[in-house]
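The values are calculated or read from the model by the stated rules, or taken from the named source; none is laboratory data. Computed from a predicted model, the values in this text were never measured in an experiment. Cβ placement follows ideal geometry from the backbone for every residue including glycine, while neighbour counts extend to all protein chains displayed.
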Amino acid sequence: MSAPQVEREEEFVRTASLEHILLEDPPAKRGSLGLALKELSVDPGHDSGVGSADPSPSSERTPTFASTKSDMATGPDVLSPSENLYTADRSAGVKLRMDRSTGGALAPPISVITMFRNTVQKSPHLPAIGVKRDKKQPEYTMWTYKQYYDDVWKAAKSFIKLGLEPYHGVGIIGFNSPEWFISDIAAIFAGGFATGIYTTNSPEACQYVAESCEANIIVVENDMQLQKILKVRDSLPHLKAIIQYSGEKKQNYESVLSWKEFMEYGVDVPDSDLEARISKMSPNKCCTLIYTSGTTGNPKAVMLSHDNLTWTTNVVGQMARLEYGKDALISYLPLSHIAAQAVDIYAPILYAACVYFAQPDALKGSLTQTLKEVHPTVFLGVPRVWEKMQERITEISRQNSNMKRKIGMWAKGVGLKGNMNIMNSIGEPEGWFGGWASLPWGWSLAKTLVFKKLRAALGLERCKICVSAAAPIMASTLEFFMSLDMTVTEIYGMSESTGPHTLSFPWDFKLGSVGKDMTGVETKIDNPDKDGNGEICMYGRHVFMGYLNQEDKTAEDIDKDGWLHSGDVGKKDSQGFLYITGRIKEILITAGGENVAPVPIEDMVKAELPCVANAMLVGDKRKFLSILLTLKTEVDGETTMPLDDLTSAARAWCESIGSQAKCVSDVLEKQDGKFLQEIQAGVDRANKKAVSRAQNIAKWTILPRDFSIPGGELGPTLKLKRPVVHKMYKNTIDNVYGD
């Protein structure tokens, strides 16, 4: 079934700029849009939004500052006076990095509120969000931008009545839904901090986040998440109410509201009360908290300002060539992560895109059906999503007839060669299209016979941008999709850079690179070695405000000149493409003093051994390197815990080498000779590609269970928690080294 085709307005802005922010005569009262637009501090006489990609400095673009005595009547788009580039104070403003004349650094700042209002004013009837409450529902339930805004307004007034205080958190824990979006933006409208909590958090981890942000309200998806909060509620002195947005309340718990009760709760709150809160906001003050995954300790609360969100969203949208009112996306990745928030919530609002919510079991298999229903124009996946898709395509291909397999192999060869030609033509005088001059023979035929049909089968035939983010992706996976004429490009950044810092697109990418600097930001390679590798430092308006209540940690990551030190090691080429070569905290220093970045070695092993799901290099302060390996196995449909049974792809690989192994225990308990010999052969092949003998793997071990989120080895975005794995398998590691 296709996604609902809601009638689009005849007139809309086709460029990726913010022309839609220019307003006509607005209504004097809030009315259905909930705003008094005449009071906005946006001058309709000039480019009023976040700005064009290369605005020229002028007196018209000088930002407005609030009075030092009071900002009571300034409105949400007036800067709060500050000379500090960072802060750990929840109510303080920061100095925006508008001291550079390059790119869009001088664009006037605006608030999230103004960004949303402008789109609603321009396009009230465009579809904004759609959801199916269950898989049997034939059509998506839709919200227009006007309906979306009105629900946010109602929710914000309810938050106020429930006792939300300015600069206090609204915790949100649950799977992606309209209620998640509405709660997030309503918290900002009401002057609080939108604060996502990972669904996998324990009650104690939820308590830590709620205490840190001094949450007055927590929004939960269902009874399972509710019970986590109820367990620790007595330890949360700031908590005043809990809202459950899905499922029936099993009991009438004190101060626990259903979503319907919540939305009706603030109807008698005067609009002026909410307007008064909005008038006290500033673009350079915090509105959202993103908690780090806490792989090396307690998570830190990353403070993001209105300007962080609106400026970054606009720059990315321009560079991605988003078309106002035309794009469709699927929301399924954890919204507690900045990547999902930026792509699912803020970019769609700015560019009037439509977001469809996947089913809660999206990563267990239902995402494929949602893709076929929505046909997204932009699709973001973490590396594991792309790897799973690769495995599924390979498995289906294996079941084809000999003739189809031969055609497929031929087409993949043509596709890889053609896309390599296109990639290598980037930067040439004739530009991206120069690559078409050297496309291989059979390109058009391969496109007709294979590529177009495959895209349609995946639901990606309209997708113009396929992105991998949040963790490193293997080069072999990128090459696989290039061979199918589906270029998956990488984005690099962190929560502390409001998500992205470098971007790459099908018209501007290099294999192995995470792209070029966003417009208006700068990269510095600090203390480079002889090969040009050094710490990646970032500067720009996307750099976060600081860590809430942690001034010392903030000062560790942002230096006195305002540069954010990422902790990642990388280098740039002559064309400006950035390459990540390691992470300072992950680098292993062997007993011989050799510095070893683990990820490239781990990726080489996985590329040589298709049966391997995860690999973790070990060897810090050791005499030699060893590696822990897990095999690709099926997962429990309910718990997502890895099972003992190998996947069909892994079993097929076993058969190809003459092994009869069907599960991990077959390999470990029966000591399958052929299987173990092939593992050693794969490690040997990887060693031959090592840059030095010090980077050779001397020993390896197969673990009895794959890494997973519920198992604790992976974070919410599937990043490997190395300290956790070290602790879990300490005895195994000690045995490898004879300790």
query: Looking at (1) of a type in the set (D, E, K, R); (2) touching a strand residue (DSSP E or B) at 6+ places or on another chain (Cβ under 8 Å); (3) over 28 Å from Gln359 (Cβ atoms), which is the one condition that is false for Lys157?
result: (2)
Matching residues, segment 259-289, being in a loop (DSSP other than H, G, I, E, B) and buried (at least 21 other Cβ atoms within 10 Å of the Cβ): Gly266, Met281, Ser282, Pro283, Asn284
- request: Kindly provide the set of residues from segment 133-151 that are modelled with pLDDT of 95 or more and not hydrophobic (A, V, I, L, M, F, W, C), ordered by number.
  value: Tyr140, Thr141, Thr144, Tyr145, Lys146, Gln147, Tyr148, Tyr149, Asp150, Asp151
- request: Any residue in segment 261-272 that's under 9 Å from Lys154 (Cα atoms): show its pairings with residues that are surrounded by 15 or more Cβ atoms within 10 Å (Cβ to Cβ) and of a type in the set (Asp, Glu) at Cβ separation under 8 Å, as long as the two are six or more apart or on different chains.
  value: Met263/Asp151
- prompt: Any residue at all in segment 587-596 that is of a type in the set (Gly, Ala, Ser), in a strand (DSSP E or B) and either in contact with a strand residue (DSSP E or B) (Cβ under 7 Å, 6 or more places away or on another chain) or more than 18 Å from Ala470 (Cα to Cα) (or both)?
  reply: no
- prompt: Restricting the search to segment 635-668, which residues are part of a loop (DSSP other than H, G, I, E, B) and either at pLDDT below 90 or more than 29 Å from the chain's Cα centre (by Cα) (or both)?
  reply: Asp636, Gly637, Glu638, Thr639, Thr640, Ile657, Gly658, Ser659, Gln660, Ala661, Lys662
task: Could you tell me whether segment 259-267 includes any residue that is of a type in the set (Val, Ile, Thr) and farther than 17 Å from Glu165 by Cα?
output: yes
query: Within segment 498-541, how many residues turn out to be of a type in the set (Gly, Ala, Ser) and within 20 Å of the chain's Cα centre (by Cα)?
result: 6
field: Among the candidates Pro710, Pro723, Pro716, Pro704, residue that is more than 24 Å from the chain's Cα centre (by Cα) and either modelled with pLDDT under 95 or in the same structural domain as Glu594 (by TED's automatic domain parsing) (or both)
entry: Pro704
query: Are any residues in segment 512-565 at positive phi and in contact (Cβ under 8 Å) with a residue 24 or more places away in the chain, and if so, which ones?
result: Gly512, Gly515, Gly520, Gly532, Gly540, Gly546, Asn549, Gly562
task: Scan segment 107-119 and give yes if some residue there is at pLDDT below 95, on the phi > 0 side of the Ramachandran plot and crowded, with 18+ Cβ neighbours inside 10 Å, otherwise no.
output: no
field: Unique residue being small (Gly, Ala, Ser), surrounded by 16 or more Cβ atoms within 10 Å (Cβ to Cβ) and in a loop (DSSP other than H, G, I, E, B) when the list is Ser212, Ser293
entry: Ser293
- prompt: Among the residues of segment 607-634, which ones are in a strand (DSSP E or B) and within 20 Å of Trp653 (Cα to Cα)?
  reply: Val612, Ala613, Asn614, Ala615, Leu628, Leu629, Thr630, Leu631, Thr633, Glu634
message: Against the conditions (1) of a type in the set (S, T, N, Q); (2) in contact with a strand residue (DSSP E or B) (Cβ under 9 Å, 6 or more places away or on another chain); (3) under 20 Å from His238 (Cα atoms); (4) part of a helix (DSSP H, G or I), where does Gln147 fall short? Just the number, please.
response: (3)
statement: When segment 518-549 is checked residue by residue, the ones that are surrounded by fewer than 17 Cβ atoms within 10 Å (Cβ to Cβ), of a type in the set (D, E, K, R) and assigned to a loop (DSSP other than H, G, I, E, B) are Asp529, Lys530, Asp531
- request: Would you please name the residue that is farthest from Ser258 (Cα to Cα), looking only at residues in segment 162-200 that are of a type in the set (A, V, I, L, M, F, W, C) and surrounded by fewer than 22 Cβ atoms within 10 Å (Cβ to Cβ)?
  value: Phe175
field: Contacts under 7 angstrom Cβ, first residue in segment 487-511 being of a type in the set (D, E, K, R), partner part of a helix (DSSP H, G or I) and surrounded by fewer than 24 Cβ atoms within 10 Å (Cβ to Cβ), 6 or more apart
entry: Glu496/Asp557; Lys510/Met423
- prompt: Lys621 passes all but one of (1) surrounded by 16 or more Cβ atoms within 10 Å (Cβ to Cβ); (2) within 30 Å of Gly738 (Cα to Cα); (3) free of Cβ contacts under 8 Å to residues at least 40 places away in the same chain; which number fails?
  reply: (1)
task: Would you point out which residue out of Lys553, Lys560, Lys510 is outside any loop (DSSP other than H, G, I, E, B), more than 27 Å from Phe624 (Cβ to Cβ) and of a type in the set (Lys, Arg)?
output: Lys553
message: Can you pull out every residue in segment 700-712 that is in contact (Cβ under 8 Å) with a residue 40 or more places away in the chain and of a type outside the set (A, V, I, L, M, F, W, C)?
response: Thr701, Pro704, Arg705, Asp706, Ser708, Pro710, Gly711
